[in-house]
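The values are calculated or read from the model by the stated rules, or taken from the named source; none is laboratory data. As the structure is a computational prediction, the values presented were derived from the model and not from experiment. Note that we place each Cβ from the backbone using ideal geometry, even for glycine, and neighbour counts take in every protein chain shown.
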Amino acid sequence: MPKRRPDHVPTRTCAVCRQSHPKREMTRIVRATDGSIRRDETGREPGRGTYICQDQACRDGERSAAAVKRALGAEPAPGTLEFEGAPHATT
Ligand SMILES: [Zn+2]
């Protein structure tokens, strides 16, 4: 009988800060089978995925795009990494 590990939470490593966080708190970015980079809202999209944590610094457009490109080998389309709640730059 397998040991129950009630305290165990699956974690993933953030592509930007390289820290581990609970998977459910992460945003999954997936490189789909057609090669496009998109956010995986369901967590079940096929393809190679990487994760970005909730840290505001990690959700910065340029940093996250660079991290995704490094992790998945392709550049995300503009807007792919725009997170709701992110502060909008006002100039
Ligand atoms: Zn992070």
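Quick look at the numbers
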{"quantity": "Which numbered condition residue 32 fails, given (1) at pLDDT 95 or above; (2) in contact with an Asp or Glu (Cβ under 8 Å, 6 or more places away or on another chain)", "calculated": "(1)"}
{"quantity": "Residue that is nearest to the ligand (Cβ to nearest atom) [pool: residues in the range 13-43 that are of a type in the set (Gly, Ala, Ser) and touching a strand residue (DSSP E or B) at 6+ places or on another chain (Cβ under 7 Å)]", "calculated": "15"}
{"quantity": "Selected residue (criterion: nearest to the chain's Cα centre (by Cα)) from residues of the range 18-48 that are farther than 15 Å from residue 83 by Cβ and among the hydrophobic types (A, V, I, L, M, F, W, C)", "calculated": "30"}
{"quantity": "Filter result for the condition that a residue is assigned to a helix (DSSP H, G or I) and charged (D, E, K, R), over 75, 62", "calculated": "62"}
{"quantity": "Boolean, residue 91 is away from the ligand (no atom under 13 Å from the Cβ), at pLDDT below 90 and surrounded by 15 or more Cβ atoms within 10 Å (Cβ to Cβ)", "calculated": "no"}
{"quantity": "Residue 9 being touching a strand residue (DSSP E or B) at 6+ places or on another chain (Cβ under 8 Å), near the ligand (Cβ under 10 Å from one of its atoms) and part of a loop (DSSP other than H, G, I, E, B)", "calculated": "no"}
{"quantity": "Qualifying residues in the range 34-65 (those that are exposed (fewer than 11 other Cβ atoms within 10 Å of the Cβ) and not acidic (Asp, Glu)) - the one farthest from residue 12 (Cα to Cα)", "calculated": "35"}
{"quantity": "Residue match in the range 44-53 (condition: within 16 Å of the ligand (Cβ to nearest atom) and part of a loop (DSSP other than H, G, I, E, B))", "calculated": "yes"}
